[in-house]
1. For residue 213, are the conditions met, namely being in contact (Cβ under 8 Å) with a residue 40 or more places away in the chain, crowded, with 16+ Cβ neighbours inside 10 Å and outside any helix (DSSP H, G or I)?
2. State all residues of segment 149-162 that are under 16 Å from the mean Cα position of the chain (by Cα), part of a helix (DSSP H, G or I) and surrounded by 15 or more Cβ atoms within 10 Å (Cβ to Cβ); if no residue qualifies, say none.
3. From (1) touching a helix residue (DSSP H, G or I) at 6+ places or on another chain (Cβ under 6 Å); (2) crowded, with 16+ Cβ neighbours inside 10 Å; (3) more than 24 Å from residue 200 (Cβ to Cβ), pick out the condition that doesn't hold for residue 70.
4. Based on this model, can you work out whether residue 101 counts as crowded, with 19+ Cβ neighbours inside 10 Å, closer than 16 Å to residue 64 by Cα and either in contact with a helix residue (DSSP H, G or I) (Cβ under 8 Å, 6 or more places away or on another chain) or touching a residue at least 12 places away in the same chain (Cβ under 8 Å) (or both)?
5. Look at segment 83-95 and say how many of its residues are modelled with pLDDT of 95 or more and surrounded by fewer than 20 Cβ atoms within 10 Å (Cβ to Cβ).
6. Considering only residues that are free of Cβ contacts under 8 Å to residues at least 40 places away in the same chain and buried (at least 17 other Cβ atoms within 10 Å of the Cβ), look in segment 104-113 and name the one that is nearest to residue 128 (Cα to Cα).
7. Could you figure out which of (1) more than 18 Å from residue 111 (Cα to Cα); (2) at pLDDT 95 or above; (3) surrounded by 16 or more Cβ atoms within 10 Å (Cβ to Cβ) isn't true of residue 203?
8. Only one of these is more than 24 Å from residue 130 (Cβ to Cβ) and out of contact with any helix residue (DSSP H, G or I) (no Cβ under 9 Å at 6 or more places or on another chain): 198, 203, 207. Name it.
């Protein structure tokens with residue numbers, strides 16, 4: 001796990017903890033702390049989700065290149081990032097929600113592994129199945145988020161997750177084509193796209209818990 005991810009995760013959990021403010025804090029102090037939290041929440045989510053995209057690209061690149069040790073290291077880092085995201089979700093909605101989130105989040109990573117392996121083998125059938133699984137996953141993941149936070153419309157979240165899927169698919173396709181210039185361009189695109197998920201997620205959480213997060 002990188003220092004940036006560790007710091008972002010720690011900050012996220014600290015900021016989202018429902019007992020984060022001291023009961024002895026004055027009203028002005030509590031108000032100021034809440035106003036700080038909304039922006040810090042957005043930053044922490046952006047850091048965690050952008051790193052997800054970057055580590056996923058590291059893992060698929062290593063897998064396609066046959067660099068087994070590098071793939072294992074990247075996959076371990078990617079899973080550590082997944083656990084941090086799940087802990088952040090759990091800090092808002094409870095441990096049970098965090099525990100339910102983790103296997104669901106890991107599921108789409110597994111589908112990307114399937115797609116990468118099918119791409120390496122030149123299996124069109126395998127690639128199609130993996131893409132179909134990922135598209136189906138987008139709806140399931142959106143339903144999970146919508147059930148936790150009604151400020152996250154299922155259809156809108158589904159579309160954002162599909163864009164995430166397509167952005168990482170473009171990375172894998174460029175890597176498999178041995179086009180490093182295009183691959184790095186697509187990695188940047190995939191990383192930047194995560195802001196389109198992180199920002200509305202942060203805003204929805206702030207709206208759901210107005211006593212904890214001031215809208216900014």
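1. Values: in contact (Cβ under 8 Å) with a residue 40 or more places away in the chain: yes; crowded, with 16+ Cβ neighbours inside 10 Å: yes; outside any helix (DSSP H, G or I): yes.
It is true that residue 213 is in contact (Cβ under 8 Å) with a residue 40 or more places away in the chain, crowded, with 16+ Cβ neighbours inside 10 Å and outside any helix (DSSP H, G or I).
2. Hits for segment 149-162 are 157, 158, 160, 161, 162.
3. Of the numbered conditions (1) touching a helix residue (DSSP H, G or I) at 6+ places or on another chain (Cβ under 6 Å); (2) crowded, with 16+ Cβ neighbours inside 10 Å; (3) more than 24 Å from residue 200 (Cβ to Cβ), the odd one out for residue 70 is (2).
4. Working: crowded, with 19+ Cβ neighbours inside 10 Å: yes; closer than 16 Å to residue 64 by Cα: no; either in contact with a helix residue (DSSP H, G or I) (Cβ under 8 Å, 6 or more places away or on another chain) or touching a residue at least 12 places away in the same chain (Cβ under 8 Å) (or both): yes.
The answer is no for residue 101.
5. Number satisfying all stated conditions: 1.
6. From segment 104-113, those free of Cβ contacts under 8 Å to residues at least 40 places away in the same chain are 105-107, 110-111; that's our starting set.
Going one step further and asking which of them are buried (at least 17 other Cβ atoms within 10 Å of the Cβ), we end up with 105, 111.
On the way: 105: 20, 111: 11 Å.
Of everything passing the filter in segment 104-113, 111 is nearest to residue 128 (Cα to Cα).
7. The single condition residue 203 does not satisfy is (2).
8. Working: 198 fails: out of contact with any helix residue (DSSP H, G or I) (no Cβ under 9 Å at 6 or more places or on another chain); 203 fails: out of contact with any helix residue (DSSP H, G or I) (no Cβ under 9 Å at 6 or more places or on another chain).
When all the criteria are applied, what remains is 207.
The values are calculated or read from the model by the stated rules, or taken from the named source; none is laboratory data. No experiment lies behind these values; they were computed from the predicted model shown. Here Cβ is always computed from backbone atoms with ideal geometry, including for glycine, and neighbour counts include all displayed protein chains.
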